[in-house]
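Here is the structure we will look at, set down as structure tokens.
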Amino acid sequence: MVTFSHTLGQIEVMAAYSGLLVNDLTARVENGQWSPRQCLGDIFLTITTYLKMYSQYVKDYSPLVSELGQARKDNGFRELLKVCLSISLSVTCTILSNSHSHN
């Protein structure tokens, strides 16, 4: 059975590695280390193990959406989502505020 916590864990790992991928690609292109004749495959090779998570995520997506639809009918779950959203927004605002004040 697919669980929310397992999938959320996958999403966190995928997001982290996506961030690393973006950083590596950006560094390669912006620092003049890349030319039209050069390939970028070596960067992707560093995360191949983690790319497999995407296929598992896609496989688990439909059952999770269905389960989430059922859970949303529960008032307690809806309240929990509201709390999670407010915490998430608060953390995001704090991070953005801190990063803006350092610029």
### Task
Taking H placed 1.01 Å from N in the peptide plane, check which residues at least 5 places from residue 40 or on another chain put their amide H under 5 Å from its amide H.
none
#### Entry: Cα Rg, Dmax, region 4-71, angstrom units
16.1, 52
### Query
What does the charge dipole of region 37-81 about its Cα centre add up to, to the nearest 20 debye, if the Cβ of each Lys and Arg holds +1 and the Cβ of each Asp and Glu holds -1?
140
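Values quoted throughout were computed directly from the atomic coordinates according to the rules given, and no laboratory measurement underlies them. Because the structure is a prediction, the values reported are computed rather than measured. When we count neighbours, we look across all protein chains shown, and the Cβ atoms used for this are built from the backbone with ideal geometry, even at glycine.
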